[in-house]
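Undergrad: Sharing a structure, written as structure tokens. Questions coming.
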Amino acid sequence: MSASHADPQRRTARSLLVSLLALGVTFLLLQGVAIFQAGGWVALAQAPTPSPATANIEFVNPSPGQAGTLYVSDKADQDSNYHLNSWVQNVPANPTVIYKLMNAAGTTEVQNIGTATQLASAPDTFEKFWDIPANPPSPAPAVVADGTYTLLVQLFSGATEVDRDTVPVTVNNEGADDDIPPHAPQQSQANTVEILYPVNGGPLGIYTSLAGAKNFVMDIKTSNSTDGDNWVKPQYTTSPVGTEPEWKDCNADGFVPADADQTTSTRCTVAATDDVTKVTGVSALANDTPFPLSAPSGPVTQFDESADAHRVLSYPAIPSDITFVLGATQSSPTSKCSAFDAKVVDQLNHTVADVNVDVHGRGPNDQLKFGVEGDYQDASKAPDKGHSGIETGEDCNDGTAAPAASANTQGEHDQIDTDIKHIESTDGTKDNGLYRFSFYSEAAGVTNFTAWVDKDDDDLRCGAEVFEHGSLGWSPTGPTNPPTGVPADLATCPSPSPSGSASPSVSPKPSPSASSPRPSASASTTPAQQGRTVTLVTDKAKVTSGKTVRLSGQVLSSAASCTDSEFIQLKRRIHGETTFVDLASTNTDTQGAYHFDLIVQKNADYTATAPAHDNCATSTSDPVTVLAKVKVFVAVEKKKVDKGDTVRIKAAVRPQHDGSKVILEYKKGRKWVKVKTAKLNSKSIGKFKFAANWKGKRVFRVRWPAQDDDHEAGKSKTVAVTSKA
């Protein structure tokens, strides 16, 4: 090849090579890669800054997976609103969430429901309580007629919409005859359910039993079904926050029976493959399948109704306290069974189901027996480890002696003086956290006993297992007070068995004396301070005035120094007043847990504060409300009268509400009908006088309707008056 022809080709090749090298360098620059030059490798460019994570909002309630058709209703359960709930993945700056009701196609707005509230305890969650405009009658805005719609939730960052979610719903909320299949004509307004525990955005304790079962207890309240039985389907999810929840049934049957207009505690079993700390939400679906349709195989999905769902912060529950519901000391006639209910709660004072409970009893002699059978005793057996003496218990069905064949067994510890009798639970605590046991004695004297959580199932009580002492006085001898119980078998607990519970032991019944709060370097949170969350829950949202409630909570932080032995200040705001005032104080235990036992006199709100100190920030819980009901007493002058005679009934209200009104009612079928109204005198006593104009037995009660901010309504027990012809 001649030189004249070679030069143009070389020039073309060099040009192509330079272009390829330039493209390669450009690619390396874009990728942030280092290249070699004289003296070594050097960085040509930094990797590009990643864009902010995309925000995503999803419905939690209502949401697909709860039921085939998502019914919406605000029929009264715990309240009279429908609970809208959503969660967000990657919450944007300055978030705002708005709910809207759209037509079925999702193209036209029917109602702007309003702006949601961001939860302080779970800032990724937003909720709105919807008072659905019903027809008839309804104030403005325009009524929402029954039918199919689309629910829309919009997520804004400032004024910019960043995401939205929709879900199809069927509103079944009118008080007139319902024309929505398949419920017509059974249900004119869809039944509802309210989750009372866990609260939305609050803690959820999940207990792993000795057998390895993982479960938690939900407290729910359903509306009253007038045309079917009340059922509820509990569910849970482990779906990541901000994604569409995948709901899982809590039990094989799906539905469980519920008590209408009352709080129902129902157990939820978590799948063995699910991590208890990864449960992110719980759901409950109402169902009112009429009887006898439910008799052959349970509820029918055709009668699924409205649902509720909550975001939760799950934690491993540790049985941390055991108490006797009706007190630790009682008296009883001899030759009768006397029962005790032992309640087990976790470190946040919520009930724990499926906990193994053992009981030791001693005295008044070696013939002491545990009751078995009937309403006096939950399932029990003689301890199956380290005990050789086995006896039969006492059948308590009628309180008299029964053949040994009908009684279960109990263990016996031979002692030089009085023997110790021993049982252990077979099925553990029930869904309400209670385990019932009873004693039977033909001899007078005192039975001292101890119930404890046998966390390692070795049938021996060791020093670190939580326990409670009690005593029972058989007439004519009264109980010992305080009770001495039965001594522990072991001073210290053995190392956990590989097959035993993984839950760490806790000190029994911590009752720290409150110390002064640690000095705070700054009243406000600084970058060096550790963020904290203070939770506060109540074991009863409504009690009779003068009764005790337990307020409990936990201080949560990534720094153990900000949770252990922390000063907690409890404040109270009585309803009708504007400010919170200091009420009590205590210190947290090693787990960050604390509690207060309070006698409730009036309706009030409570908060708990952990003041700032050193590197720990101030944190205050969300307010918790406890309502106080009045106690209404009733007495009838004569329980049997002739027809036409005068009937006299007195009622008293405590605390006193002089000048307020009480209402006398009688029961007619399933309803209560007003008889008369009376005004309470200066001793808060009301008197009723009327003629017996009926034949047979009539049942009465007295009701005090709420008439101030201090107290909730109350009603008396029933009394019966029989009128003879």
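The values are calculated or read from the model by the stated rules, or taken from the named source; none is laboratory data. The model shown is predicted, which means the values in this text are computed figures rather than measured ones. Positions of Cβ are backbone-derived with ideal geometry, glycine not excepted, and every protein chain shown enters the neighbour counts. Accessible surface is based on the protein model in full, side chains and every heavy atom, while ligands, DNA and RNA are left aside. Shrake-Rupley method; radii C 1.70, N 1.55, O 1.52, S 1.80 Å.
Undergrad: Going by the conditions given, is VAL217 farther than 21 Å from ASP131 by Cα, aliphatic (A, V, I, L, M) and modelled with pLDDT of 90 or more? Before you say what the answer is, go through the steps one by one.
TA: On the way: farther than 21 Å from ASP131 by Cα: yes; aliphatic (A, V, I, L, M): yes; modelled with pLDDT of 90 or more: yes.
Taking the combined requirement at face value, the residue satisfies it.
Undergrad: Scan the stretch 74-83 and give yes if some residue there is open to solvent by 20 Å² or more (accessible area, probe 1.4 Å), within 21 Å of GLY242 (Cβ to Cβ) and of a type in the set (Asp, Glu), otherwise no. Steps first, answer last, please.
TA: Initially, the stretch 74-83 is screened for residues open to solvent by 20 Å² or more (accessible area, probe 1.4 Å), giving 75-76, 78-81.
Next, from what is left, pick out any that are within 21 Å of GLY242 (Cβ to Cβ): none.
Among the residues of the stretch 74-83, not one is open to solvent by 20 Å² or more (accessible area, probe 1.4 Å), within 21 Å of GLY242 (Cβ to Cβ) and of a type in the set (Asp, Glu), which makes the answer no.
Undergrad: Report, by residue number, each residue of the stretch 658-684 that is open to solvent by 20 Å² or more (accessible area, probe 1.4 Å) and closer than 23 Å to ASP710 by Cα. Don't jump to the end; show me each part of the working.
TA: Of all residues in the stretch 658-684, those open to solvent by 20 Å² or more (accessible area, probe 1.4 Å) come to 658-659, 661, 663, 666-677, 679, 681-683.
Across the stretch 658-684, the qualifying residues are ASP658, GLY659, LYS661, ILE663, THR677, LYS679, ASN681, SER682, LYS683.
Undergrad: Where in the stretch 270-336 are the strands (runs of 3 or more DSSP E), entirely inside, with at least 3 residues that are open to solvent by 20 Å² or more (accessible area, probe 1.4 Å), among the polar types (S, T, N, Q) and modelled with pLDDT under 85?
TA: Where strands (runs of 3 or more DSSP E) fall fully within the stretch 270-336, none carries at least 3 residues being open to solvent by 20 Å² or more (accessible area, probe 1.4 Å), among the polar types (S, T, N, Q) and modelled with pLDDT under 85.
Undergrad: So which of GLU637, GLU665 ends up being at pLDDT below 90, among the charged types (D, E, K, R) and under 29 Å from ALA720 (Cβ atoms)?
TA: GLU637
Undergrad: Out of all the residues in the stretch 511-521, is one or more in a loop (DSSP other than H, G, I, E, B), in contact with a Ser or Thr (Cβ under 8 Å, 6 or more places away or on another chain) and modelled with pLDDT of 90 or more?
TA: For the stretch 511-521, residues in a loop (DSSP other than H, G, I, E, B), in contact with a Ser or Thr (Cβ under 8 Å, 6 or more places away or on another chain) and modelled with pLDDT of 90 or more: absent.
Undergrad: Please give the number of the condition GLN235 fails out of (1) surrounded by 22 or more Cβ atoms within 10 Å (Cβ to Cβ); (2) at pLDDT below 95.
TA: (2)
Undergrad: While we're here: For the stretch 599-618, state whether one or more residues are surrounded by fewer than 18 Cβ atoms within 10 Å (Cβ to Cβ) and closer than 20 Å to ILE685 by Cα.
TA: For the stretch 599-618, residues surrounded by fewer than 18 Cβ atoms within 10 Å (Cβ to Cβ) and closer than 20 Å to ILE685 by Cα: present.
Undergrad: Now for a separate question. Within the stretch 531-607, which strands (runs of 3 or more DSSP E) (wholly inside it) include 3 or more residues that are farther than 30 Å from ASP710 by Cβ?
TA: Numbers: elements: 542-544, 548-556, 567-574, 581-587, 593-599.
Of the strands (runs of 3 or more DSSP E) lying wholly inside the stretch 531-607, those with at least 3 residues that are farther than 30 Å from ASP710 by Cβ span 548-556.
Undergrad: To continue, here is another question. Taking the residues in the stretch 430-470 that are over 24 Å from the mean Cα position of the chain (by Cα), within 24 Å of HIS350 (Cα to Cα) and of a type in the set (A, V, I, L, M) as candidates, determine which candidate is least open to solvent (accessible area, probe 1.4 Å).
TA: Only one residue tops the list, namely ALA451.
Undergrad: Would you pick out the residues in the stretch 113-123 that are buried (at least 18 other Cβ atoms within 10 Å of the Cβ), in a loop (DSSP other than H, G, I, E, B) and either at pLDDT 95 or above or touching an Asp or Glu at 6+ places or on another chain (Cβ under 8 Å) (or both)?
TA: Here is the first cut: in the stretch 113-123, the residues buried (at least 18 other Cβ atoms within 10 Å of the Cβ) are 113, 116, 119, 121-122.
Right, trim to in a loop (DSSP other than H, G, I, E, B) and you get 116, 119, 121-122.
Within the stretch 113-123, ALA116, LEU119, SER121 meet the criteria.
Undergrad: Also, quick follow-up: If I ask for residues that are at pLDDT below 85, outside any helix (DSSP H, G or I) and of a type in the set (S, T, N, Q), which ones from the stretch 378-416 would you list?
TA: SER388, ASN397, THR400, ASN408, GLN415 - these are the residues of the stretch 378-416 that are at pLDDT below 85, outside any helix (DSSP H, G or I) and of a type in the set (S, T, N, Q).
Undergrad: Report, by residue number, each residue of the stretch 337-393 that is closer than 30 Å to GLY205 by Cβ, without any contact (Cβ under 8 Å) to a residue 60 or more places away in the chain, open to solvent by less than 40 Å² (accessible area, probe 1.4 Å) and over 26 Å from the mean Cα position of the chain (by Cα).
TA: Residue satisfying the conditions is SER380 alone.
Undergrad: Please tell me if VAL110 is modelled with pLDDT under 95, among the β-branched types (Val, Ile, Thr) and in a strand (DSSP E or B).
TA: Numbers: modelled with pLDDT under 95: yes; among the β-branched types (Val, Ile, Thr): yes; in a strand (DSSP E or B): yes.
Yes: the conditions hold for VAL110.
Undergrad: Condition check: surrounded by fewer than 19 Cβ atoms within 10 Å (Cβ to Cβ) and either at positive phi or in contact with a strand residue (DSSP E or B) (Cβ under 8 Å, 6 or more places away or on another chain) (or both). Does GLY202 satisfy that? Walk me through it before giving the result.
TA: Details: surrounded by fewer than 19 Cβ atoms within 10 Å (Cβ to Cβ): no; either at positive phi or in contact with a strand residue (DSSP E or B) (Cβ under 8 Å, 6 or more places away or on another chain) (or both): yes.
In short, no.
Undergrad: Restricting attention to the stretch 253-263, does a residue exist that is modelled with pLDDT under 95, out of contact with any Asp or Glu (no Cβ under 7 Å at 6 or more places or on another chain), more than 30 Å from THR625 (Cα to Cα) and open to solvent by 30 Å² or more (accessible area, probe 1.4 Å)?
TA: yes
Undergrad: Which of the strands (runs of 3 or more DSSP E) found entirely inside the stretch 193-255 contain at least 3 residues meeting this: farther than 18 Å from VAL344 by Cα? Please lay out each step first, then the result.
TA: Values: elements: 193-197, 202-208, 214-222, 231-237.
Per the criteria, 193-197, 214-222, 231-237.
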